[in-house]
Structure formats: C-alpha cells, structure tokens
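Presented below is the structure to which this report refers.
What follows is calculated from the coordinates using simple rules that are stated; it is not laboratory data. Values in this document were obtained by computation on a predicted structure and should not be read as measured data. Backbone-built Cβ (ideal geometry, glycine too); neighbour counts: all protein chains shown.
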Amino acid sequence: MKASDLFVKALEAEGIHYVFGIPGEENLDFLESLRSSTIKLVLTRHEQSAAFMAATIGRLTGKTGVCLSTLGPGATNLVTGAAYAQLGGMPMLMITGQKPIKTSKQGHFQIVDVVDMMRPLTKYTKQIVSADNISAHVREAFRLAEEERPGAVHLELPEDIAIEETDMLPIPASRHRRPIADDKSIQWAVDAIKAAKSPLLMIGAGANRKRTCRVLREFVDKICIPFFTTQMGKGVIDESHPLWLGNATLSDGDFVHRAIEHADLIINVGHDVIEKPPFFMRPHGRTVIHINFSSAEVDAVYFPQIEVIGDVPHTIWRINELITPQPHWDFSYFLMVKEHLEAHLSLGADDPRFPMYPVRVVADVYRSMAKDSILCLDNGMYKIWFARYYRTHLPNTMLLDNALATMGAGLPSAIAAKIVHPERQVLAICGDGGFMMNSQELETAVRLGLHLVVLIVRDNAFGMIQWKQAHMHFPNFGMDLSNPDFVAYANSYGAIGHRIEAADQLTPCIQHCLATPGVHVIDLPIDYSDNDRVLNNEIQTLSAQI
C-alpha cells in the first residue's frame, strides 16, 4: 500500500470524519488518498482558520481534530492555531507537507524546520522518515493529543515518503483508564472539607469534561455547597443553579471575590494556570484543595495545601461517597453575596441607548438563544461582558478563549461548532478587529451551506486595549480603525447582511436570523464608554459594601 494511503487509513481508524485546511503540491499524494476515503476535506481560506476549526472539533468532542497545510508558509500559518489548542487543552493534529528528504532538486526553497518550530507549541512533533513508521507515529500522536492534559500534536509527511510502499496496517487504539487518586489523599480532602466552616467550590477549565459535569452537579446538590467558575469553566454546572455565585471574570474586586475572601477552604476542581488567576492566594490564608488530572503548577499566587491527583470524575465521585453535609457549615454570607450579584447583573439589561450598552447586548442575546445554543466568542472587550453577565446552562455552550486569548478564532470556531452540532443554534460574537482577521471564512461557511449567525460588535477600534490604555491614564493612540460596510461585505460572499440602527432591533433581528437558513452577519455598533466606570470602579465599590 502507498504510504499516503496508510496515513489516511490510520486517520479513519482513529474515527476522523473531517480534515480542515489548504493543501499544496507537497500534499498531493496525501490529497489523492483522502479523495477516495470516508474523510471529508473542508477547504478553508487560511491555514490559521483550519487550525481553529480542528481545535474546536477537539474541544467539543474530546477527540482529536485534524488540519492540513503544505510546507513553509502554510505550516507557519498554523502556529497560532497550535498555541490556541495547546494552551486551551484542545486535542488537535496538524499534518504538514515537506520537500523530499532523500533527494531534492530545489535547494532550500520554502524550507523551514517545521518540526523544531512546532516543538515548544505541541505535545509531540515528528517528521516521518519511513512509510513503515506511519502507523506508530499516528497512533502515538492521537494518544498524546487526547491524554490529559489534551493539546496539539504535529506530523510532517515529506513528498518522497508519501509515495513509498509499505505492508504495514493502522495500529488500533488501546483500551485504558486514567490513573485514579489514592485513598489517602481523597480522605485528606474529605476531612478538610468537613472541618471547614465555610467551604466554597471553584470550577476551572480542567473540569470542562463530559463525565466531570455530571458528578460535580451531584456533589453540589448533595452537600449544597455554593460554587463559582472561571471563564473556561462556564457551563460545567447550570448557571441558573441557586448556589451559583458568578464567574471570576475579573481577577479580584468582584462580588464573587467577597465570597472567596470569606471562605476558609476552597475546593479547586480543574485549576489551570493558563487562565488568569481567578483569585490570589496568600501565605497563612485559606486552605485550597487542588483536584485535577495533574499536580499543581505552583506560582506566587497559587500554592495549594492539599492535592488530589488523578481522574477528576472518579475523585469527585469518591469524595461524594464519603462526605455528608455538616451542621456547622455556614453559607449565609455566600448567599447574601449572590443576592447582591444578581441585583448588579440585572443593571442595564434594558438600557435603550444606541450605540448599544454591552449589558443590553448580552441580555438580548441571552433572551434570543435556546439553552443548548453555542456561542463562539472571538477575543475583545465584549468577552469580559459576556463571561460575567451571560448565563450558560450546559458545558461547552460558550466557547471563549481565556488561554492564548487570540483574536480571529470566533468565526472559524462557529463553523466547526455547526459541523459538530448541525441541530443547534450557533452564534459567533466578534469584535470588528477580530472578525476582520479571518472574515474570509464567510465564504467557507456559505460554501458548506451552514446556517449560522455572526454578530459583529463594532466600536471601530481595538476596544480592549483602548480600555487598558485609558485605565493607565494614557491618551488614546494607535487604537482607532475604519471598517468596510459589513452588510455589503457579507452580501458579497453570498451571506446575508443586517444592520442594527436602534437598540430594540437587535432581539428581533437575531431571532429572524436563527429562524432563517443561511449565513447571517449582523453589524451592531456598541458603546464602550462605561468600561472603566463599571468594571474598574462600580463593581469594586458596590461589592466592598457587603
């Protein structure tokens, strides 16, 4: 069998249904093998978008997403996507082409050392130098990509290796179970939780796994412990739960941080240092229990006293089996904090100003979407408003990136989300800056016949950095930009453009777009003038009064 045929069969054996990317002449044998396979090639308009799509497949399914590029510039365009998947804990395989490695008549044309380039950004990177090694390299790449903590892997297939003949067959995946935490560490955690007066549960990025969600909900319901989440922990437990205390969108000074300051013990499930610290530990402060698949990465603000390392769902299940509510537990302060938080979250939900107030935008989007809808956020100022104010009800229904926090991922992620869940409503929320970084993928969405909605919140600037600049008392400089007519721009791709010209138009427009097949783009002017007043002053002042 030809080596490229074996590579594709190995992908089929791993259950791959899609490969995203842009091939080049160095991939043509692989492309021909792909043509006659069960795998669908999703041709994108930029390799970075292909990587974002593959990573999102990994995030939503827990199975490795796959993307493809040629050598040189195609491979370098994958770099941001590699970091996106690696930092975000998303299993993804990148396949890149290369000139012949045994004999070449083109010198160093387009050649960079892609394997070395990918090494600091991946869990595994390898150049395939023999057709007989393909099966082993593919199986190892998939194993490492999906093993906790998930991330990016890379394989380079040179032209001359792709045409070699081999008698090898794909290596089947092995059956395995994750290591579980030892009984003694579990008992330490149980004893500490029982002894605490006001324990609190934090849910982080590492808890956003299908099996973890169910057992965590059972744990919360059994002992009635209040909980909060990080940005990437949103939706692990339904945020309409009466014990939800909010999201640690800000690192300190929010209502949830008053609860954190009051707690004498925090059960930290799935903490991941890639996220901004949800709270700051101090010497001789509260006890923190670290529950995760791997041990804590200690830094100046995180040094847990108890670590329970192993399969997280099993750990929570075991703790739940051993613990009962304690009569001396006192959650009254936490519930008072929740009342104040709820009151603050409702402020501005019906604000009539135009351009629109961010809280009103969040509220209108929430009122328009089904509970299982998927929101794919790009990165910008609106991400803070959505993370704090939007309530998610199911895991992985708000796809935001608080790890690499790259711009340009919103639309590609929405395309991948719609491919995985064609039956669900999918809404991409992008700033004008982030949208324009990969806006060409509108053509991809239209070509695939997808039904999705893109909401562009337009402030004609790089709003997040402008906010930080103003907070540092620097004058506005280097942040303002101009934009195309987004309605005409969308129409030129065969999408359907919409322009919002008053606050009361947004909800009916979103509802119309969700009900009408096609790719819809909504141009929404937004008013960020209250960023500093609310996020840097009002929240801290009001929460300090509790």
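Each Cα pair under 8 Å and six or more residues apart adds its separation to the average, and for the range 183-332 the resulting relative contact order is 30 percent. Of the residues Met202, Met94, Met356, Met1, the one with the fewest other Cβ atoms within 10 Å heads the list, and the complete ranking is Met1, Met356, Met202, Met94.
Helix 358-368: angle to the longest alpha-carbon principal axis of the chain, degrees 0 to 90, nearest 10? Between helix and principal axis, roughly 70 degrees. Each residue of the range 168-176 was assigned a 3J(HN,Hα) from its phi angle through the Karplus expression (A = 6.51, B = -1.76, C = 1.60, θ = phi - 60°), giving 6, 10, x, 8, x, 5, 7, 8, 7 Hz with x at Gly and Pro. For Met336 and His512, the FRET efficiency from 1/(1 + (r/R0)^6), where r spans their Cβ atoms and R0 equals 35 Å, is about 0.25. Taking amide H as placed 1.01 Å from N in the peptide plane, Leu200 has its amide H under 5 Å from the amide H of Leu265, Ile266, Ile267, each at least 5 places away in sequence or on another chain. Straight-line cross-link reach from Lys338 at under 19 Å between alpha-carbon atoms covers these lysines, not counting any fewer than eight positions away in the same chain: Lys197, Lys234. With respect to the chain, whose longest principal axis is taken over its alpha-carbon atoms, helix 47-61 is tilted by about 60°. Computed from backbone phi with θ = phi - 60° and the Karplus coefficients 6.51, -1.76 and 1.60, the 3J(HN,Hα) list for the range 471-476 is 5, 8, 6, 8, x, 5 Hz; x is used for glycine and proline.
Please count, across the range 3-162, the pairs of lysine residues with Cα atoms under 19 Å apart that sit 8 or more places apart or on different chains. Total qualifying Lys-Lys pairs in the range 3-162 comes to 7. Per the helix-only calculation at 222 nm, which mean residue ellipticity applies to the chain, given -39500 (n - 2.57) for every DSSP H run of n ≥ 4 and division by its residues, nearest 500 deg cm²/dmol? Dividing the helical sum by the residues of the chain leaves -11000 deg cm²/dmol. When only Cα pairs below 8 angstrom with a gap of at least 6 residues are kept, the chain shows a relative contact order of 13 percent.
Taking a sphere under 14 Å around the Cβ of Gly408 and counting the other residues whose Cβ falls inside, with K and R at +1 and D and E at -1, yields a net charge of -3.
Within the shell of other residues whose beta carbon sits under 12 angstrom from the beta carbon of Gly62, the net charge comes to +2, with Lys and Arg scored +1 and Asp and Glu -1. For the range 153-183 and the range 479-515, what is the separation of their C-alpha centers, rounded to whole Å? One Cα centre to the other: 45 Å. For the range 183-332, the Kirkwood radius over C-alpha pairs fed into Stokes-Einstein at 4 °C and 1.567 mPa s yields D = 86 µm² per second. Straight-line cross-link reach from Lys222 at under 12 Å between alpha-carbon atoms covers these aspartates and glutamates, not counting any fewer than eight positions away in the same chain: Glu321.
Compared with the dominant Cα axis of the chain, that is its longest principal axis, helix 183-195 is turned about 30°. Residues whose amide H comes within less than 5 Å of that of Met398, counting only those at least five positions distant or on another chain, are Leu375 (H built at 1.01 Å from N in the peptide plane).
In terms of distances greater than 28 angstrom between alpha carbons, the cross-link table entries Lys2/Lys418; Lys184/Lys371; Lys383/Lys418 yield Lys2/Lys418; Lys184/Lys371. Counted residue by residue at 0.36 nm each, then reduced by the alpha carbon distance between them, the extension gain from Thr541 to Lys102 reaches 151.3 nm.
Measuring between their Cα centroids, the range 344-382 and the range 281-311 lie 34 Å from each other.
The mean of 1/r over all pairs of different alpha-carbon atoms in the range 346-536, once inverted, gives a Kirkwood hydrodynamic radius of 16.6 Å. Between Arg178 and Ser492, full extension at 0.36 nm per residue minus the direct alpha carbon distance yields a gain of 108.0 nm. Mean projected area of the convex hull spanned by the Cα atoms of the chain, taken over all viewing directions: 26.0 nm². For the peptides 417-428, 149-160, 322-333, 497-508, the ranking by mean Cβ contacts within 10 Å, running from highest to lowest, is 149-160, 417-428, 497-508, 322-333. Computed from the C-beta positions of Arg447 and Ile163, the FRET efficiency with R₀ = 22 Å rounds to 0.10. Where both bridge residues fall in the chain, DSSP classifies roughly 5% of the beta bridges as antiparallel. In this simple spin-label model, placing a label point 7 Å from the Cα along the Cα-to-Cβ direction at both Tyr366 and Val301 gives a separation of 2.5 nm.
The length gained on full extension between Asp532 and Asp116, counted as 0.36 nm times the residue separation minus their Cα-Cα distance, comes to 145.5 nm. Counted by Cβ distance under 12 Å from Phe486, the other residues give a net charge of -1, where Lys and Arg count +1 and Asp and Glu count -1.
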